[in-house]
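Take a look at the structure below.
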Amino acid sequence: MPDHELSALSIGFRHRYVSYDELTAQVQSWARHFPEIAHLDSLGRTEEGRELWVMTVGPEPERTRPAVWADGNMHANELAGSSVALAIAEDAIRQHLISDRSLHNLSSRAQERARAVLFHIMPRMSPDGAERILKTGAYVRSVPRDKRPNRAHPRWRCGDVDGDGLALTMRREDPTGEYVESPEFPGLMLLRELDDDGPFYKLYPEGHIEQFDGRNIPSPSFLSDNWPDLNRNFPYSWAQEEEQVGAGPYPTSEPESRAVVEFACRHPNLFAWLNLHTFGGVYIRPSGHQPDTRMDRADLALYRQVAVWAEQLSGYPTVSGFEEFTYEPGKPLHGDLSDFAYHQRGCLSMVCELWDLFARLGIERQRPFVDHYTHIRREDVLRLAEWDREHNESRVFRPWRPITHPQLGAVDVGGLDTRVGILNPPYGILPEACHAQSALWLRVAALAPNVVIGGLEKEHLDTDTVRLQATVENHGYLPTYILNSAKTLEWNAPLYADLSLHGARMLEGEAHREMGHLDGWGRGRFGSEGSLFHLRSRGSTGRRILSWVVIGHGAAVLRVGNCRVGWVERKLDL
């Protein structure tokens, strides 16, 4: 099927946010039309019965070779991640349909390497949460469920109160309120300042209060009625709820996180991991638990190189998770997916916070980057309201409507609808996010190690005796261990060479031989090698020469590889 017919199959995910049924139809359509290169699997079902789809792109998916992963929408309202993940899957398919030309300006050599890699794409990690967001707008962090046994205390439950199908915000006039209405932009709520005259308001989620005593209103929490946060539920450095809000009762307690961990552990060939979030316009890289001064230097050099490509393609900077994205300085987050992928699965892992709203509003970059989300001035909010009206069809700021709340009495319902314009880019901007991230991830895929048997030769020692010599090389950018820090992982096995003889027998050498790892030719950026005053190469660290002595006639088959990079074979008649 030609490339234009692939485009014709699109349901429009590059231009809007799609429902679970639409997403399912899209991945099923690709699997049906491209059975040789697009393979669809479900990793399990959510508690509401939705499939956790993963699309694998590449011929012979059962054949082990280097693979990359991308996932989106683990946080329910971060819908753009699904669109971007689908775009990566679509372009991964496309690169097999246009083998005679490049995609995303990759060189022919880089494109060839990217085609040799398997792509595993999970477009929506929280389909239950996303469906709730799409249909009602009600706030859900990850999953719309809560099994905490301690539910006797007052707390907010989001829901539609006024019958319009949405659950947004309620405001209630209160002299102790922290908010005031903007005089310049009617309906826009601003944080109260000393010289404001009022009236003043309290802002609450649209919904009801469980266990309400009729007097005391509980403070809303971002996990008040949905728990846990999937990105605090992964096993690396998991910490219980008292230390890490949203952790869940134990690591991988949720079917979604458990399915991802089980898949990753079954696929040691994964070498790169993209975890798609919104918003901010930034990439977050390891380490999430220590400063760069304590990070492996070779790993850091590799991340610097990827950061250059990332900023060139998207305009987003790359920051350290620990140094620029901890909500409390020096207090790391626990149980997040990217740290699991980096520390436990040895992957070049990174988070992308899609959609640079700050740049659209002309807000200068903050250091640390995480301060962007809290260091918002009154003039920034006014600019957002103007931008929403002029460029986003007023999707964010909804008018207030008075109602009588059954518990609180007179309130107004409306306010912020953060789905399109704050948490996710407007539809017109979504295509550029899809394009940039797909271009980056194909380029990262091209970094894969590439083990080849450069030669298998024979030298006759006498009529029946032959010396076999093989040259094994890594032609890829990355070493066969992928990350320097991953060398210590028990499952990150060295390469092995297996020589099978048919009609002959071994005189000298081992049929099963450990080879160790092979370096790649890549060095990252600003590493310890390649300084201007000392331009030198390593020795033969990316090559091994093996030999055996055999007697007899027939054939020899050499097989080289491991669980991380797969296996290559070469046959020689004796």
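The values are calculated or read from the model by the stated rules, or taken from the named source; none is laboratory data. Because the structure is a prediction, the values reported are computed rather than measured. Backbone-built Cβ (ideal geometry, glycine too); neighbour counts: all protein chains shown. We work out accessible area using only protein heavy atoms, side chains counted, and drop any ligands, DNA or RNA first. Shrake-Rupley method; radii C 1.70, N 1.55, O 1.52, S 1.80 Å.
Which residues, counting only those in the range 478-537, are open to solvent by 40 Å² or more (accessible area, probe 1.4 Å), part of a loop (DSSP other than H, G, I, E, B) and of a type in the set (Phe, Trp, Tyr)?
If the condition is that a residue be open to solvent by 40 Å² or more (accessible area, probe 1.4 Å), part of a loop (DSSP other than H, G, I, E, B) and of a type in the set (Phe, Trp, Tyr), then Trp491, Trp521, Phe526, Phe533 are the ones that fit.
Select from the range 19-39 the residues that are surrounded by 15 or more Cβ atoms within 10 Å (Cβ to Cβ), without any contact (Cβ under 8 Å) to a residue 40 or more places away in the chain and small (Gly, Ala, Ser) and list them in ascending order.
Selection gives Ser29, Ala31.
If you go through the range 159-177, how many residues are open to solvent by less than 20 Å² (accessible area, probe 1.4 Å) and of a type in the set (A, V, I, L, M, F, W, C)?
Of the residues in the range 159-177, 2 are open to solvent by less than 20 Å² (accessible area, probe 1.4 Å) and of a type in the set (A, V, I, L, M, F, W, C).
Look through Gly58, Gly12, Gly49, Gly72 and report the one residue that is out of contact with any Phe, Trp or Tyr (no Cβ under 8 Å at 6 or more places or on another chain) and surrounded by 15 or more Cβ atoms within 10 Å (Cβ to Cβ).
Only one candidate qualifies: Gly72.
Being without any contact (Cβ under 8 Å) to a residue 12 or more places away in the chain and closer than 19 Å to Phe212 by Cα is the filter here; which residues of the range 138-164 pass it?
Pro149, Asn150
Go through the range 406-465 and report how many residues are closer than 30 Å to Asp213 by Cα and of a type in the set (Gly, Ala, Ser).
Total meeting the criteria: 4.
Which one is nearest to Arg171 (Cα to Cα) among residues in the range 392-411 that are open to solvent by less than 30 Å² (accessible area, probe 1.4 Å) and assigned to a strand (DSSP E or B)? Before the answer, list the steps.
Our first condition is that a residue be open to solvent by less than 30 Å² (accessible area, probe 1.4 Å); within the range 392-411, this holds for 392, 396, 405, 408-409, 411.
The next check asks that each one be assigned to a strand (DSSP E or B); those that pass are 405, 409, 411.
Numbers: His405: 11, Gly409: 11, Val411: 6 Å.
Looking at residues that are open to solvent by less than 30 Å² (accessible area, probe 1.4 Å) and assigned to a strand (DSSP E or B), I get Val411.
Would you check which residues across the range 11-37 are outside any helix (DSSP H, G or I) and closer than 17 Å to Arg124 by Cα and list them?
Once the filter is applied, which keeps residues that are outside any helix (DSSP H, G or I) and closer than 17 Å to Arg124 by Cα, the range 11-37 yields Ile11, Gly12, Phe13, Arg14, His15, Arg16, Tyr17, Val18, Ser19.
Which is at pLDDT 95 or above, outside any strand (DSSP E or B) and touching an Asp or Glu at 6+ places or on another chain (Cβ under 7 Å), of Glu48, Glu90?
Numbers: Glu90 fails: touching an Asp or Glu at 6+ places or on another chain (Cβ under 7 Å).
Step by step, each of Glu48, Glu90 is checked, and only Glu48 is at pLDDT 95 or above, outside any strand (DSSP E or B) and touching an Asp or Glu at 6+ places or on another chain (Cβ under 7 Å).
Does the range 458-472 hold any residues that are open to solvent by less than 50 Å² (accessible area, probe 1.4 Å) and in contact with a Ser or Thr (Cβ under 9 Å, 6 or more places away or on another chain), and which are they?
Step one: filter the range 458-472 for residues open to solvent by less than 50 Å² (accessible area, probe 1.4 Å), giving 465-466, 468, 470-472.
Answer for the range 458-472, where residues must be open to solvent by less than 50 Å² (accessible area, probe 1.4 Å) and in contact with a Ser or Thr (Cβ under 9 Å, 6 or more places away or on another chain): Leu468, Ala470.
Name the residues in the range 251-260 that are open to solvent by 20 Å² or more (accessible area, probe 1.4 Å) and either in contact with a strand residue (DSSP E or B) (Cβ under 6 Å, 6 or more places away or on another chain) or outside any loop (DSSP other than H, G, I, E, B) (or both), would you? Talk me through it step by step, then tell me what you get.
Applying the first criterion (open to solvent by 20 Å² or more (accessible area, probe 1.4 Å)) to the range 251-260 yields 251-252, 255, 258.
Listed by number, the residues that qualify are Pro255, Arg258.
Would you check if there is a residue in the range 141-149 being touching a Pro at 6+ places or on another chain (Cβ under 6 Å) and crowded, with 23+ Cβ neighbours inside 10 Å?
no
Quick one: in the range 88-109, which of the residues that are among the aliphatic types (A, V, I, L, M) and either in contact with a Leu (Cβ under 8 Å, 6 or more places away or on another chain) or closer than 17 Å to Ala272 by Cβ (or both) is surrounded by the most Cβ atoms within 10 Å (Cβ to Cβ)? It would help to see each step written out before you state the result.
Just the residues of the range 88-109 that are among the aliphatic types (A, V, I, L, M), to begin with: 88-89, 92-93, 97-98, 103, 106.
Okay, now just the ones that are also either in contact with a Leu (Cβ under 8 Å, 6 or more places away or on another chain) or closer than 17 Å to Ala272 by Cβ (or both), so 88-89, 92-93, 97, 103, 106.
Details: Ile88: 27, Ala89: 26, Ala92: 30, Ile93: 22, Leu97: 16, Leu103: 19, Leu106: 19.
Checked the range 88-109; the qualifying residue surrounded by the most Cβ atoms within 10 Å (Cβ to Cβ) is Ala92.
For Trp156, all conditions in the list (1) in contact with a Pro (Cβ under 9 Å, 6 or more places away or on another chain); (2) open to solvent by 40 Å² or more (accessible area, probe 1.4 Å); (3) not small (Gly, Ala, Ser) hold save one; what is the number of the exception?
Among (1) in contact with a Pro (Cβ under 9 Å, 6 or more places away or on another chain); (2) open to solvent by 40 Å² or more (accessible area, probe 1.4 Å); (3) not small (Gly, Ala, Ser), the lone unmet condition for Trp156 is (2).
Hey, Glu432 hits all of (1) under 18 Å from the mean Cα position of the chain (by Cα); (2) buried (at least 21 other Cβ atoms within 10 Å of the Cβ) but one; which does it fall short on?
With (1) under 18 Å from the mean Cα position of the chain (by Cα); (2) buried (at least 21 other Cβ atoms within 10 Å of the Cβ) applied to Glu432, the lone miss is (2).
Table: residues versus (1) of a type in the set (A, V, I, L, M); (2) more than 30 Å from Leu274 (Cα to Cα); (3) free of Cβ contacts under 8 Å to residues at least 24 places away in the same chain.
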{"residue": "Leu166", "(1), (2), (3)": "yes, yes, no"}
{"residue": "Glu181", "(1), (2), (3)": "no, yes, yes"}
{"residue": "Asp213", "(1), (2), (3)": "no, yes, no"}
{"residue": "Ser221", "(1), (2), (3)": "no, no, no"}
{"residue": "Pro255", "(1), (2), (3)": "no, no, no"}
{"residue": "Val260", "(1), (2), (3)": "yes, no, no"}
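Right, Ala38: within 30 Å of Val560 (Cβ to Cβ) and in contact with a strand residue (DSSP E or B) (Cβ under 6 Å, 6 or more places away or on another chain) or not? Lay out the reasoning, then the answer.
Numbers: within 30 Å of Val560 (Cβ to Cβ): yes; in contact with a strand residue (DSSP E or B) (Cβ under 6 Å, 6 or more places away or on another chain): yes.
Yes; evaluated as a whole, the condition is true for this residue.
Determine whether the range 59-80 contains at least one residue that is in contact with a strand residue (DSSP E or B) (Cβ under 8 Å, 6 or more places away or on another chain), more than 26 Å from Trp567 (Cα to Cα) and assigned to a helix (DSSP H, G or I).
Within the range 59-80, one or more residues are in contact with a strand residue (DSSP E or B) (Cβ under 8 Å, 6 or more places away or on another chain), more than 26 Å from Trp567 (Cα to Cα) and assigned to a helix (DSSP H, G or I).
In the range 110-119, which residues are over 18 Å from Trp309 (Cβ atoms), open to solvent by 10 Å² or more (accessible area, probe 1.4 Å) and either hydrophobic (A, V, I, L, M, F, W, C) or touching a residue at least 60 places away in the same chain (Cβ under 8 Å) (or both)?
Within the range 110-119, Ala116 is the sole residue that qualifies.
All but one of (1) under 43 Å from the mean Cα position of the chain (by Cα); (2) in a strand (DSSP E or B) hold for Glu459; which doesn't?
Tallying (1) under 43 Å from the mean Cα position of the chain (by Cα); (2) in a strand (DSSP E or B), Glu459 fails exactly one: (1).
Go through the range 226-247 residue by residue and tally those that are without any contact (Cβ under 8 Å) to a residue 60 or more places away in the chain and within 22 Å of the chain's Cα centre (by Cα).
1
Residues that are open to solvent by 90 Å² or more (accessible area, probe 1.4 Å) and under 30 Å from Asp380 (Cα atoms): which strands (runs of 3 or more DSSP E) entirely in the range 178-244 hold 1 or more of them?
189-191
Give the residue, chosen from Ser83, Ser42, that is modelled with pLDDT of 95 or more, outside any loop (DSSP other than H, G, I, E, B), buried (at least 22 other Cβ atoms within 10 Å of the Cβ) and among the polar types (S, T, N, Q).
Ser83
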